[in-house]
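Note sheet for the following structure.
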Amino acid sequence: QLLRSFATFPAMSRMRVYATAAWRSEEGEVEIARTAARASAHLRPEWNHTSREQPYSGRDGKESVRVQVWRERCSGLVAPILCGEACVSAAMLIGDAGTPLGPCKHQAGGSVELRLDRDGEEIGSILVQALLVRTEAREDFTASQSDAGSELLTPVPRRRRPIRSMSSSCIGPSVVGCSSPVSVASTATQVDPVTFESPIEALSMSGGTASFYRLKLRPTSALVVSGKPQDYYVGKDLARASGEVLFYEAVARLSRENCGGGVAMLLPFMLDYAGVLEGELREGGESVAMLVMQNLAAGCTSLRLLDVKVGQQTAAPGWQGKSRMRAYRQSFLDGFTNSVEEGFRLEGFSSPPPALSSMDPLLDLGLLMGTAWQRRRALRLMLQRMSADEMIRHLFDLREADDRPTVRGAPCWSATEVAEVALHEVVARLTHLALACRLTLVPQKWVGSSVVLGFDVGALPLRSETEASVRDRVRVKLLDWGRSELNTLDRHMELSDAQQRDRALYWGYYVEGTDRLLWSVMRAYHHRFGGDSPWTDVRAMVYDYDSISLNDFIGLVSIPLRPTQETTSELIGSSGAVVSVGRAASTLTYAVEYAKFSRSSRLRGAWRVRLAHATNLPPCDYMKGRSTSDPFVILEARAADGRRFRQQTRVLPACLNPMWGETLELPVPRNGARLEEALRLGELRISGGA
């Protein structure tokens, strides 16, 4: 029984509430669940607590569940106050969840809202859901139970608790935390070395501590014959991936059994896993053990990828080999990142656009801290502090690809058209993922795992290519399972109440982070491509980039959206006066044109604003011992319906007369309701309709 939520209390002071559930049968009444007391829940606490399993005969309707909600007093030192209670038959909770479908052993009934009464007065309601688990008949079952027919959904053994099948249980955290690469390699699925060409080549990848290896399938392999690219798999050093191997082995086992174990909806987002390979390196000829998994960059010219760590806590004390001191230190560092602000943070950014690459995190420090190691650490901290709006804006910045309007003389999609379809597909896939997380029956403890978002930015597709081919370039996957546990329904029922509450707590962090990531992507699509109102206010704002403090505002120019030849305008400062250095005014030169797209395009067209150059900018780095500035431009467009879209140019360091020569596009949508289409598409995919 999942005690979902509780609402509609009469107004009273702030309080801590918890719920209990008791199973009633002919043998008596036994408590099967007690939730944690929510400190700040007050009138609307949410528990998402799973009770211990109970044998269910399905006959005569004699089994029932009594749910009580209590108000805790003095942190449990004083007897609690009963807020209300409800009693419901087990048959009513199970409802239509009769015989489990197909080979799956588990089936959930619908959420049932129960009225809570106290002394005959209705004081609130609670949502409860039942999960039916079918177990195999054993020798110690009575003959009448084994012959009960279709109505006997879960046979009742003579012992109090049903026998559990340990073969379907997930490997526990104690095993994962202490496993060595040697022991993992000996028990994992082995990959035949002749599957790949030899020798194997090491890959240079930014970020992380694990080594990766380029794997190339032989042309005669079954995967290549079936249409997979030769680089479909990639190798990861097993010394840094032993915990992930155990996770992927558990996923593979569930897939082979054709039963998701309560997590079936999340399996499509996992990377394909082949096993463990012992391969020979090209450099030195040494042998190395590696995890063989799906290569997200397979078939891509240049994959741009965001590695987003989900959850406001990315470390747990004493979990999967993480010491308490290291976990507390990580929690302290999380407080300086976007994890505590939005429930996720950017951990890595591959193939960044020029606008992001030009943002040097050590620029203000000059040559005092310029080693490669220091630069990587500073860049990582800059990414971890980046807001969702900024990371999504950089992800879909394709201006460098728009410099190739044709390929072999054939017309191509524009960069803005590709960005619209790619962002639309990301919204649909994240909707699918968020719904899958909320519909998953078993809470997971995925600490430090990532959601990756990306797509191929190497070359613009030909105009003859279909929209579906552009969507195929998008990647939305889950990975990085080194400190995560695949919790199945069988295993979850064997956990203690405290362990179940722990899983529910961290799963709540993960679900909230996924929801917030979806909301951020939806918001980015709406502000850039949604709505029918035209852009009314366009401003080019010039800033001085500061890597260790807030950027300095220099001035702005209001740009009318009409075809305009190259024009030079004076910058207006924050005081409303013209920005000047000496007697000469600071200026910005720009041009505007409108590009009309074909009738088959999802966009009507786009306004193209070319930011050519600025002159006579004031120096802003006096405090850093320099009489220069590091200018860049943010182009902001606003619409009458409240939409606001921002994009920016490269940072040009130590320059008072910058030459950008960049063209920024403001899309004009053809259909302002595309966002709703993406949400419906994600909902359709989770129901199996697409």
> Residues of the stretch 656-690 being among the polar types (S, T, N, Q) and within 22 Å of Gly530 (Cα to Cα), which ones?
Replying inline: Thr663, Asn671
>> For the stretch 627-650: of the residues being farther than 30 Å from Ala434 by Cβ and open to solvent by 10 Å² or more (accessible area, probe 1.4 Å), which is farthest from the chain's Cα centre (by Cα)?
In response: Ser627
>> Looking at Gly458, Gly482, can you tell me which residue is of a type outside the set (Lys, Arg), under 19 Å from Asp272 (Cα atoms) and modelled with pLDDT under 90?
In response: Gly482
> Can you name the residue in the stretch 524-563 that is open to solvent by less than 30 Å² (accessible area, probe 1.4 Å) and hydroxyl-bearing (Ser, Thr, Tyr) and is also nearest to Ala419 (Cα to Cα) among such residues?
Replying inline: Tyr525
>> When the residues of the stretch 377-410 are narrowed to those that are open to solvent by 70 Å² or more (accessible area, probe 1.4 Å) and modelled with pLDDT of 85 or more, which ends up nearest to Thr466 (Cα to Cα)?
In response: Asp389
> How many residues are touching a residue at least 40 places away in the same chain (Cβ under 8 Å) and over 24 Å from Thr649 (Cα atoms) when one looks only at the stretch 340-395?
Replying inline: 4
>> So if I check each of Ser350, Ser357, which one is modelled with pLDDT of 90 or more, surrounded by fewer than 17 Cβ atoms within 10 Å (Cβ to Cβ) and not β-branched (Val, Ile, Thr)?
In response: Ser357
> Within the stretch 194-206, restricting attention to residues that are surrounded by 13 or more Cβ atoms within 10 Å (Cβ to Cβ) and outside any loop (DSSP other than H, G, I, E, B), which residue is modelled with the lowest pLDDT?
Replying inline: Leu203
>> Could you check the stretch 438-464 and list, in sequence order, the residues that are hydrophobic (A, V, I, L, M, F, W, C) and surrounded by fewer than 20 Cβ atoms within 10 Å (Cβ to Cβ)?
In response: Leu439, Ala459, Leu462
> Going by the conditions given, is Met325 open to solvent by 20 Å² or more (accessible area, probe 1.4 Å), over 30 Å from Val194 (Cβ atoms), in contact (Cβ under 8 Å) with a residue 40 or more places away in the chain and not in a strand (DSSP E or B)?
Replying inline: no
> Among all residue pairs at least 6 apart or on different chains, which show Cβ distances below 6 Å where the first residue, located in the stretch 551-578, is touching a residue at least 24 places away in the same chain (Cβ under 8 Å) and the second is of a type in the set (A, V, I, L, M, F, W, C) and open to solvent by 50 Å² or more (accessible area, probe 1.4 Å)?
Replying inline: Gly555/Ile572
> Would you say Arg626 is part of a strand (DSSP E or B) and out of contact with any Leu (no Cβ under 7 Å at 6 or more places or on another chain)?
Replying inline: no
>> Given the criteria part of a loop (DSSP other than H, G, I, E, B) and either charged (D, E, K, R) or modelled with pLDDT of 95 or more (or both), does Arg523 qualify?
In response: no
> Condition test on Ser586, is it crowded, with 21+ Cβ neighbours inside 10 Å, small (Gly, Ala, Ser) and touching a strand residue (DSSP E or B) at 6+ places or on another chain (Cβ under 9 Å)?
Replying inline: yes
> Looking at Leu656, Leu617, Leu635, Leu652, which is the one that is part of a strand (DSSP E or B) and closer than 29 Å to Asp364 by Cα?
Replying inline: Leu635
>> What's the number of the only condition in (1) modelled with pLDDT under 85; (2) out of contact with any strand residue (DSSP E or B) (no Cβ under 7 Å at 6 or more places or on another chain); (3) open to solvent by 40 Å² or more (accessible area, probe 1.4 Å); (4) of a type in the set (Lys, Arg) that Arg282 fails to meet?
In response: (2)
> Does the stretch 488-503 contain any residue that is open to solvent by less than 10 Å² (accessible area, probe 1.4 Å), among the aliphatic types (A, V, I, L, M) and either touching a residue at least 60 places away in the same chain (Cβ under 8 Å) or closer than 30 Å to Val427 by Cβ (or both)?
Replying inline: yes
>> What's the number of the only condition in (1) open to solvent by less than 20 Å² (accessible area, probe 1.4 Å); (2) modelled with pLDDT of 75 or more that Glu72 fails to meet?
In response: (1)
> Taking the stretch 442-485 only, how many residues are part of a loop (DSSP other than H, G, I, E, B), within 30 Å of Tyr328 (Cα to Cα) and in contact with a Leu (Cβ under 8 Å, 6 or more places away or on another chain)?
Replying inline: 3
>> Restricting to the stretch 209-224, and then to whatever is part of a loop (DSSP other than H, G, I, E, B) and touching a Ser or Thr at 6+ places or on another chain (Cβ under 8 Å), can you tell me which residue is surrounded by the most Cβ atoms within 10 Å (Cβ to Cβ)?
In response: Ser221
>> Can you pull out every residue in the stretch 671-689 that is open to solvent by less than 70 Å² (accessible area, probe 1.4 Å) and either under 16 Å from Arg438 (Cα atoms) or in contact with a strand residue (DSSP E or B) (Cβ under 6 Å, 6 or more places away or on another chain) (or both)?
In response: Leu679, Gly682, Arg685, Ile686
>> Any residue in the stretch 415-429 that is closer than 25 Å to Ile686 by Cβ sitting within a Cβ distance under 8 Å of a residue that is of a type in the set (Gly, Ala, Ser) and in a helix (DSSP H, G or I)? List the pairs, counting only those 6 or more apart or interchain.
In response: Leu423/Ala524; His424/Ala678; Glu425/Ala678; Val427/Ala678; Val427/Gly682; Ala428/Ala678; Ala428/Gly682; Arg429/Gly682
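The values are calculated or read from the model by the stated rules, or taken from the named source; none is laboratory data. The structure presented is a predicted model; accordingly, all values stated were derived computationally and were not measured. Using ideal geometry, Cβ is built from the backbone for each residue, glycine included, and neighbour counts are taken over all protein chains shown. Areas reflect the complete protein model, heavy atoms only, side chains present, ligands, DNA and RNA absent. Shrake-Rupley method; radii C 1.70, N 1.55, O 1.52, S 1.80 Å.
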